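To start, the structure under review is shown below, and the notes come after it.
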Amino acid sequence: MAKTRPGKRDMNSYTIRGTNKVVRAGDCVLMRPSEGDTAPYVARVEKIEADNRNNLKVHVRWYYRPEESMGGRRQFHGSKELFLSDHYDVQSAHTIEGKCIVHSFKNYTKLENVGPEDYYCRFEYKAATGAFVPDRVAVYCKCEMPYNPDDLMVQCEACKDWYHPACVGLTGEQAKQIGDFVCTDCSSEDVKKSLSTYAAFPLSNGKVAPKRQKR
């Protein structure tokens, strides 16, 4: 951590104006955007400091939304997905509007209820080059897309792979109501006779994921 410059002192915490919420280094916060009609910025607080006039500043590391990245938002990006960037900044502490939680992707998929303050991050993002770390993630379904936790998927009882209902000729309502599902690659006359219904499961229930990888 950088040394505090002369005339400045490190602060252990900052209480958000008009609230009793306390921010400390390591916390994730919502920061007021420059344009009033845009969503708040999300950042991780690295350090809080005050100058000799008691003006409070926060050193932050920005999270980017998919639409703010070079590649833009893609089909597999969830509505609450963020990328932890290598973009650091110093802002007035008074621009902090609230606190939030940026979960790991695994922990986010286990949430029973997702609140307005819940986000997740599975990639780090290099702002200058547009590169992601990791650059490969597991892919699913015939479309070979990374998992979007906002999407319903069905699991094949035979191969344990996951599929989007539309990719296997099902509507969302059919996927919710059916009992057991076997994909076309695994299906046979014997299997069809023994498994006549379909089942839909959330991908977050911890079942086996395929080993394929994709950039």
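Quick look at the values:
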item: Complete set of residues in segment 76-118 that are open to solvent by 20 Å² or more (accessible area, probe 1.4 Å), part of a strand (DSSP E or B) and not β-branched (Val, Ile, Thr); result: ASP86, HIS87, TYR88, ASP89, GLN91, SER92, GLU97, LYS99, HIS103, SER104
item: Count of residues meeting criterion [at negative phi and open to solvent by 70 Å² or more (accessible area, probe 1.4 Å)] in segment 159-176; result: 5
item: Top-ranked residue of segment 119-151 - restricted to ones that are hydroxyl-bearing (Ser, Thr, Tyr) and open to solvent by less than 30 Å² (accessible area, probe 1.4 Å), ranked as nearest to GLN75 (Cα to Cα); result: TYR147
item: Any hit, segment 43-60, residues being touching a residue at least 60 places away in the same chain (Cβ under 8 Å) and either in contact with a strand residue (DSSP E or B) (Cβ under 9 Å, 6 or more places away or on another chain) or surrounded by 18 or more Cβ atoms within 10 Å (Cβ to Cβ) (or both); result: no
item: Tabulated pairs, segment 21-34, first touching a residue at least 24 places away in the same chain (Cβ under 8 Å) and open to solvent by 50 Å² or more (accessible area, probe 1.4 Å), second not in a strand (DSSP E or B) and not hydrophobic (A, V, I, L, M, F, W, C), C-beta under 6 angstrom, 6+ apart or interchain; result: ARG24/SER13; ARG32/THR95
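The values are calculated or read from the model by the stated rules, or taken from the named source; none is laboratory data. Treat the numbers as computed from the prediction; the structure is a model and nothing was measured. Cβ sites come from the backbone with ideal geometry, for glycine too, and all protein chains shown count toward neighbours. These accessible areas exclude ligands, DNA and RNA; they are computed on the full protein's heavy atoms, side chains included. Shrake-Rupley method; radii C 1.70, N 1.55, O 1.52, S 1.80 Å.
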